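Heads up: the structure comes next, in structure tokens.
Read-outs: derived from the displayed coordinates by stated rules, not from any lab. Owing to the predicted nature of the structure, the values given are computational and were not obtained by experimental measurement. Heads up, the Cβs are rebuilt from the backbone with ideal geometry, glycines too, and the neighbour counts pull from every protein chain shown.
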Amino acid sequence: MTLLDQPLGQLARQLSGATRIFHEYQLDFCCGGKHSLREAANAAGVDGALIAARLQGLPDMAESEERDWSAASATELVDHILTRFHEVHRQQLPELIRLARKVEQVHAAHESCPAGLADHLAAMQQELESHMQKEEQVLFPMLARGHGALATSPITVLRMEHDQHGVALQRLDALTHGITLPRGACNTWRALYLGLRTLHDDLMQHIHLENNILFDRAAPAVQPALAAHG
């Protein structure tokens with residue numbers, strides 16, 4: 001199977017640096033991780049062959065210093081998700097909301113002012129907190145007890161919520177013109193957008209590890225048909 005016909009989530013797991021390239025072309029490797037590179041590139045209107053050529057030069061995870069989380073135990077991966085993402089999101093969002101409110105108040109008349117961003121981030125915070133609590137209180141304990149076979153129902157719900165997080169990230173991009181600073185932006189605005197970019201990338205990686213590794217082990221999702229891409 002060529003790189004073009006492999007799912008984005010699989011490529012993200014196997015090739016160190018693939019997620020960086022996917023970010024560059026705005027290819028959704030977390031919620032859309034089951035789609036092949038060919039399908040995703042066609043949908044985004046970008047050159048899939050060029051992306052495949054760039055991926056070809058990346059090291060395999062086995063040759064990389066990055067941790068290959070597909071080889072980690074469920075317990076190790078859960079611990080990583082809790083400390084690297086759940087705790088971090090809980091620290092990120094309150095400060096981003098504060099910065100967004102300040103930017104909206106001070107620069108309301110600016111044509112690039114992200115009006116409504118603070119409220120959107122507050123909604124994201126509420127949705128993420130609810131989602132993370134479901135994982136911490138229901139799913140993760142089930143996996144820790146070795147009851148992954150019984151987790152199909154909660155995983156289905158959590159996958160759907162991941163899709164909603166993806167929509168929320170799209171809305172964030174729209175409000176901020178792709179998280180692009182206007183000329184002459186003040187330090188608060190710069191700090192806000194730097195933090196938004198980090199949140200965006202962190203959340204994408206968070207969802208990828210869950211959808212394409214942790215969840216797939218316990219309750220594999222239906223794979224997309226790739227046979228049509230000869």
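Given R₀ = 35 Å, what would the calculated FRET efficiency be for L181 paired with Q133, taking r from the Cβ atoms and rounding to 0.05?
0.55
Which residues in region 169-195 place their backbone N less than 19 Å from a point set 7 Å from the Cα of S112 along the Cα-to-Cβ direction?
171-195
When ranked by the protection proxy of mean other Cβ atoms within 10 Å per residue, highest first, what sequence do the peptides 67-77, 199-209 form?
199-209, 67-77
Between [x] 0.99; [y] 0.92; [z] 1.03, which entry matches Rg/Rh (Cα atoms, Kirkwood Rh) as derived from the coordinates of this structure?
Answer by label: [x].
Compute the FRET efficiency between H147 and H200 as 1/(1 + (r/R0)^6), taking r as their Cβ-Cβ distance and R0 = 30 Å, and round to the nearest 0.05.
0.35
Quick check on region 68-198: take the gyration tensor over C-alpha atoms, sort the square-rooted eigenvalues as a ≥ b ≥ c, and tell me if it's rounded (a/c under 1.5), prolate or oblate.
Note, shape of region 68-198 comes out prolate.
If you average the sequence gap of Cα pairs under 8 Å that are 6 or more apart and divide by the length of the chain, what percent do you get for the contact order?
Rounded, it is 26 percent for the chain.
List, in order, the whole-Hz ³J(HN,Hα) value for each residue of region 24-29 obtained from phi through the Karplus relation with A = 6.51, B = -1.76, C = 1.60 and θ = phi - 60°; use x for Gly and Pro.
Once θ is set to phi - 60°, the couplings for region 24-29 become 4, 9, 6, 9, 7, 8 Hz.
Among the complete DSSP H segments of the chain, which ones combine at least 18 Å of alpha-carbon extent along their axis with a mean Kyte-Doolittle hydropathy of -1.0 or more?
Taking the DSSP H segments of the chain (at least 18 Å long, mean hydropathy at least -1.0), we get 87-106, 117-134, 152-175, 187-209.
Calculate for the chain the 222 nm mean residue ellipticity that helices alone would give, adding -39,500 (n - 2.57) per DSSP H run of length 4 or more and normalising by residue count, nearest 500 deg cm²/dmol.
Calculated mean residue ellipticity at 222 nm is -18000 deg cm²/dmol.
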